[in-house]
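The values are calculated or read from the model by the stated rules, or taken from the named source; none is laboratory data. For clarity, every value in this text was computed on a predicted model and none was experimentally measured. All Cβ positions, glycine included, derive from the backbone under ideal geometry; neighbour counts span all protein chains shown. Surface areas here come from the heavy atoms of the whole protein model, side chains and all, with no ligands, DNA or RNA. Shrake-Rupley method; radii C 1.70, N 1.55, O 1.52, S 1.80 Å.
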Amino acid sequence: MNSTSMQSIELPIAGMTCAACSTRLEKNLNKLDGVSAGVNLSTETARVEYDPARVAVTTILEQVNKTGFSVPPQSLDLAISGMTCAACSTRLEKVLNRLPGVEARVNLAAEKARLRYTPGIATPQALIAAVAKAGFAAAPITEASRAETKARKAADYQNELRVFVVASLFTLPLLAQMLPMLAGAHHVEWLPPWLQWLLATPVQFWAGRRFYSGAWNSLRGGGANMDVLVVLGTSAAYLFSVAVILFDLGGHVYFEASAAVITLVRLGKLLEARAKSRTSTAIEQLIGLQPRSAWVEKPGPDGKPEAVEVETARLRIGDVVRIRAGERIPVDGVVIDGASSLDESLLTGESLPVAKHPGDAVHAGSQNLDGLLRVRAESVGAQTQLMEIVRLTEAAQGSKAPIQKLADRISGIFVPAVILIATLTFIGWWLATGVFTASLIPAVAVLVIACPCALGLATPTAVMVGLGRGAQLGILVRSAEALERAEKLSLLALDKTGTLTEGRMALVALQPAPGIAEDQLLRLGAALEQGSTHPLALAMLQAAKARGIAYPTVAGFENLPGQGVSGTAEGRALRLGTAEWLQTPDGPASAEHGAATWITLADADTPLGRLAFADRLRPTSKHAVTRLHELGIECLMLTGDHPDAAKAIAGEAGITDWRARVKPGDKAAAVSALKTAGRVVGMAGDGVNDAPALAGADVSFGMASGSDIALEAADITLMRSDLNSVADAVELSRAVMRKIRQNLFLAFFYNVLALPLAAAGLLNPVIAGAAMALSSVSVVGNALLLKRWRPKSP
């Protein structure tokens with residue numbers, strides 16, 4: 001092989017489990033002509049040198065797949081600068097999606113691009129170069145770059161403000177001439193034309209420099225954006241006025257129009273930047289919950305642990321962290337000592353403090369309200385639940401709702417269409433009047449009043465603000481598409497255990513035999529169960545602890561699976577289990593506890609009483625079901641439990657339609673069967689057995705207290721174990737979609753109304769420029785109203 005023609009790529013490999021895998025893959029790759037490969041099992045990568053003239057990268061990837069492994073797509077988030085309107089973001093997205101092995105989404109409001117690419121076919125360097133070739137600048141987004149990006153944007157804003165102030169000082173004298181005209185008087189030029197020229201020139205070429213550079217980059221990249229419209233309109237007015245002076249044509253000059261349009265558009269961009277910066281405050285608040293330092297226990301000079309302050313970034317799994325009252329938790333971990341209450345409202349939306357004791361889990365970002373806690377770290381830094389929430393929300397904010405497709409299509413042809421309308425306007429007025437100035441001014445007004453920005457910002461700003469607000473309230477939406485589907489939800493399938501109910505057994509009733517007190521029945525039963533880990537045993541011990549009941553020790557403990565337990569306590573030969581095993585009569589069950597599991601306690605063959613256990617309905621579930629019904633959503637409960645238990649829970653929750661004995665594999669089929677007559681079907685669950693049904697639903701809701709696999713399958717993750725969160729998520733989706741439709745109406749209505757008025761000569765270019773500047777600001781401002789949104793849940 002000729003080494004000078006060889007190229008090298010490093011591929012991530014998924015699916016390798018042992019040395020045999022890596023050896024087999026390496027052998028198969030080296031079978032390809034022109035390939036020299038080495039596979040590293042520990043890093044799960046393959047380094048491949050190949051001759052492009054003899055083998056294609058796609059052939060190498062196919063060989064990996066044929067061997068039984070895969071090259072997983074990689075993600076890259078880029079901060080994009082230089083985009084000024086929807087035409088820019090639409091064109092850049094098209095450019096990136098044309099690249100082989102690349103899937104890209106560009107968000108104008110967030111000034112970000114989210115890319116998924118196939119390693120080997122595309123590289124981060126090549127993607128950044130493609131952005132630059134399209135006329136923009138790109139930089140990878142990392143945890144470390146967030147602060148730098150924020151500081152850069154703040155500096156850019158201050159620079160923009162200075163430019164606007166200086167441009168305003170030059171423009172105000174020119175605008176002063178227009179005041180008599182606005183009052184109905186004739187246009188009077190009390191500034192000499194040469195002085196007007198002097199004032200307008202720095203505005204045109206210094207303050208307007210960003211429009212010229214933006215227009216050039218856009219045209220060089222093969223498209224046209226808002227900058228092209230501004231440059232064409234203002235340059236036409238400016239150059240015509242210069243020609244009037246140089247060639248002594250004796251007509252009016254229109255320096256005030258060119259200068260005012262540039263100044264007003266810069267004002268609009270200034271206000272827009274300020275408003276857009278507020279769309280990401282929810283994410284910044286969440287990131288700000290992570291404390292910068294923490295108190296970690298280290299061995300002191302005498303060998304005893306002492307607290308040492310270290311940066312949060314230096315924390316490691318296994319570190320023991322001390323959190324004092326008033327401080328925020330820096331890690332995800334488990335309490336090993338101390339008791340306190342935590343404020344988790346900014347993570348879960350739960351407004352009430354949550355009590356924490358040894359053995360309880362805590363999460364980074366929670367605030368310790370009282371007491372000292374010692375916590376062993378289990379996840380630190382970027383691996384905490386807090387940062388996962390940030391990543392999930394940022395990814396969702398960069399996604400596109402299907403409703404945005406129409407706006408994107410229009411944005412792609414908007415600028416060429418406006419230039420055509422302006423040209424036709426000029427020709428029409430020239431044919432009608434034969435006067436050049438009377439034809440030029442309406443054409444300039446058409447160019448500067450058209451606003452593709454409002455179209456581009458209508459959807460993403462509402463999505464960014466709405467999903468950020470949802471994250472603050474414990475509602476994590478994976479994509480804007482899921483949000484749009486949730487708005488149309490008409491039927492919701494509900495898992496019973498852990499979703500409607502608390503997901504754990506509890507003692508709900510005691511029926512002592514005559515002469516036996518309730519506390520005595522519970523004391524003897526708990527004595528037997530202290531040696532068992534059965535869910536009913538744990539529930540009984542918890543009930544005894546809650547009542548402050550101390551129980552005696554047990555001798556001769558024996559566990560008979562499926563039947564019960566036995567042992568000796570206080571000289572009694574106690575047996576606890578099913579009535580069939582004890583051969584005692586099964587007493588009547590009250591209607592109130594129809595879904596309960598009853599067990600009997602006996603002394604030898606003498607029954608001492610019965611105890612009822614049930615997975616109780618969550619206190620909030622009934623109200624949540626009522627809210628869902630009020631939202632027009634039909635509820636159906638799916639459970640694998642006995643029909644009696646299902647009927648009791650459904651009746652208590654207010655659900656009339658339920659199905660029992662549904663096997664885990666049948667839940668997905670049941671959900672699919674519900675998708676009839678155009679109904680949008682949702683599924684809410686928290687267990688591993690819910691994952692297939694969650695994946696098969698149109699929109700799925702996963703409870704964060706449930707299994708990881710259920711959360712991975714869910715479109716919307718709910719940080720609170722409360723069915724009210726599902727109703728909150730639906731209300732949020734409807735609020736966001738309502739705001740998106742308002743914004744799209746504003747953007748379309750503005751352009752549909754403004755363009756004909758400008759073409760008819762009814763709008764002065766200065767008024768047109770001001771209207772264009774304010775149109776995008778109004779759209780962003782309307783989206784920001786979502787920051788005030790609150791759910792109707794109690």
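Solvent-accessible surface (1.4 Å probe) assigned to Val166 amounts to roughly 50 Å². Taking only the C-alpha atoms of segment 1-114, the Rg (one decimal) and the largest Cα-Cα distance, Dmax (whole number), read 18.1, 53 Å.
Summary of packing: across the peptides 611-619, 523-531, the per-residue average of other C-beta atoms within 10 Å ranks them, highest first, as 523-531, 611-619.
Over all pairs of different C-alpha atoms, the chain has a mean inverse distance whose reciprocal, the Kirkwood radius, equals 31.6 Å. Packing, taken as the mean count of other beta carbons within 10 Å per residue, orders the peptides 289-296, 13-20 from highest to lowest as 289-296, 13-20.
The mean accessible area for residues of segment 726-788, using a 1.4 Å probe and ignoring ligands and nucleic acids, is 38 Å² per residue. Going by accessible surface with a 1.4 Å probe and the largest first, Tyr750, Tyr238 read Tyr750, Tyr238. What a 1.4 Å probe finds exposed on segment 544-588 is 51% carbon and sulfur by accessible area, rounded to a whole percent.
Per-atom-type breakdown for segment 253-367 gives carbon and sulfur 52% of the accessible area (1.4 Å probe, protein chains only). With all protein chains kept in place, the per residue accessible area of segment 4-132 amounts to 45 square angstrom at a probe of 1.4 angstrom.
Thr499 contributes an accessible area of around 0 Å² to the protein surface, as traced by a 1.4 Å probe with all chains present.
Per-residue accessible area (protein heavy atoms, 1.4 Å probe) orders Leu522, Leu172 as Leu172, Leu522, starting from the largest.
Amide H contacts under 5 Å for Gly609: Ala513, Leu601, restricted to partners 5 or more places along the chain or on a different chain, H placed in the peptide plane at 1.01 Å from N. As a rough guide to protection, the peptides 476-488, 780-792 ranked by mean Cβ packing within 10 Å, highest first, stand as 476-488, 780-792. Ignoring ligands, DNA and RNA, what percent of the accessible area of segment 102-175 is carbon or sulfur (1.4 Å)? Within segment 102-175, the accessible surface is 63 percent carbon and sulfur.
Each 10 Å bin, from zero up to the one with the longest distance, holds this percent of the alpha carbon pairs of segment 394-512: 11, 23, 19, 16, 13, 8, 4, 3, 2, 1, 0.
Calculated accessible area for segment 465-563 comes out at 41 Å² per residue, all protein chains present (probe 1.4 Å; ligands, DNA, RNA ignored).
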